[in-house]
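> I have a structure I would like to understand better, so I am pasting it below and will then ask my questions one at a time.
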Amino acid sequence: MKKIKIWFSIIRPKTLLLSFIPILLAVIYSWQDACWLNALAVICCGTGLQVLANLINDYYDFKSGLDKKGRVGPQRALAEGTITTKQMKNAIWINLIVCLLLGIYLVFLGGWTILCIGVLSICFAWLYTASRFSLSYLGIADIFAFVFYGPVATAGTYIILSQNYAWDSRFLGIVLIGCICGCVSSMVLLTNNLRDIEVDKNAGKKTIPVRFGKFVGEMEYLFFIVVIAVLVVVLFGWSVIMLLPLLALINFFKLLKAEGKEYNKLLFRTSLLNLVFLILYIINICVDKL
């Protein structure tokens, strides 16, 4: 039981909403065309790819010395010595094989577009942190978090389930819905980077807060909230979903006062915005049908 709890914490379950919710939103959006077996395969593969990225991130952050025992952020199993590097590498390979098997099935359904998304997702999972020239060290990880946990996740799911490759209004709609999720993902990463600004600076990790300071990082968080508000109005008008940017704004004011481990709670609260979006989206659909 103890080992299960350790591995459960290693996959960072609180962050998995970032990959799970965009896919689920696209499933609901495509429900009339959706085969539920295919939908389950997309959800498992998409979530598995995020777990893969988390495992690779843990391994290389430990190897580079970035993750140490007693860190301010959530404890990492390798740094705490509760698992070995060999066990982590085995977990990475097992996860990769599962994702590849699911990916082959999804490529059969969605064709070359899905193949490209899958290959790029695996590449960026490795490139995120595997060297001193990785995305996280260059300070451009925010862009990829936005794209792959946003419009790529929703559009890819929509293509697989609906078999629709046309750039029509429905396709544009699911892309913009994905952009809302992408904003939330970038805000989660930004909260993480604001918490670790001093550690990242010492490690040579050039995140936005490290490059331009804490204030710019906080303003970037606010910028994403404004983008979410604009997208909500464009897609849904002045509906119940406007609660989403309002709740995000509450997080922003907490962000301005956060210190040390307070960022950990705020990181989780930010990731919950995706779940809030899903709930409000379902409520909005129900209201429209009345």
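The values are calculated or read from the model by the stated rules, or taken from the named source; none is laboratory data. All figures in this text were calculated on a predicted structure; none of them were measured in a lab. Backbone-built Cβ (ideal geometry, glycine too); neighbour counts: all protein chains shown. Note: accessible area is taken over every heavy atom of the protein model, side chains too, but ligands, DNA and RNA are not part of it. Shrake-Rupley method; radii C 1.70, N 1.55, O 1.52, S 1.80 Å.
> If you average the alpha carbon positions of the range 1-66 and of the range 261-290, how far apart do those two centres end up, in angstrom?
17 Å
> Mind checking which aspartates and glutamates have their Cα closer than 16 Å to the Cα of residue 63? Skip sequence neighbours fewer than 8 apart in that chain.
Cross-link targets: 80, 200.
> What is the Cα centroid distance between the range 91-107 and the range 168-221, reported in whole angstrom?
28 Å
> Given the options 214, 86, 201, which has the most mean-square fluctuation in a GNM of the chain, springs set between C-alpha atoms less than 10 angstrom apart?
Checking each option, the largest mean-square fluctuation is seen for 86.
> Another question about this same structure. Beyond a 31 Å Cα-Cα separation, which of these cross-linked pairs lie in this structure: 86/214; 2/214; 205/261; 265/289; 3/257? If you can, show how the numbers build up before the last one.
Numbers: 86/214 37 Å; 2/214 38 Å; 205/261 20 Å; 265/289 36 Å; 3/257 36 Å.
From 86/214; 2/214; 205/261; 265/289; 3/257, over 31 Å: 86/214; 2/214; 265/289; 3/257.
> Which of the peptides 229-239, 144-154 is most tightly packed, and how do the rest follow, going by the mean number of other Cβ atoms within 10 Å of each residue?
Details: 229-239: 15.2, 144-154: 24.5.
By packing density, highest mean first, the sequence is 144-154, 229-239.
> Additional query: Over the heavy atoms of residue 196, what accessible area does a 1.4 Å probe trace out, to the nearest 10 Å²?
20 Å²
> Roll a 1.4 Å probe over the protein chains and send me the accessible area per residue for the range 203-273 in Å².
Working: 3700 Å² over 71 residues.
Counting only protein heavy atoms, the per-residue value for the range 203-273 is 52 Å².
> Also: Rounded to the nearest 500, what is the 222 nm mean residue ellipticity of the chain from helices alone, with -39500 (n - 2.57) per DSSP H run of 4+ residues and division by all residues?
So the helix-based figure for the chain works out to -25500 deg cm²/dmol.
> Kindly write out, for the range 40-48 in residue order, the coupling ³J(HN,Hα) from the Karplus curve 6.51 cos²θ - 1.76 cosθ + 1.60 (θ = phi - 60°), rounded to whole Hz, with x marking Gly and Pro.
Once rounded to whole Hz, the list reads 5, 5, 5, 4, 5, 5, x, 5, x.
> Need the list of aspartates and glutamates near residue 89 for cross-linking: C-alpha distance under 14 angstrom, and skip anything on the same chain fewer than eight residues off.
Hits, sequence-local ones excluded: 58, 61.
> Just name one of 250, 233, 175: the one whose Cα is farthest towards the positive end of the charge dipole of the range 175-290 (beta-carbon charges, Lys/Arg +1, Asp/Glu -1).
Working it through, the farthest residue towards the positive pole turns out to be 250.
> Tabulate in residue order the Karplus-calculated ³J(HN,Hα) for the range 230-238, using 6.51 cos²θ - 1.76 cosθ + 1.60 with θ = phi - 60°, rounded to whole Hz; enter x for Gly and Pro.
5, 5, 4, 5, 5, 7, 10, x, 8
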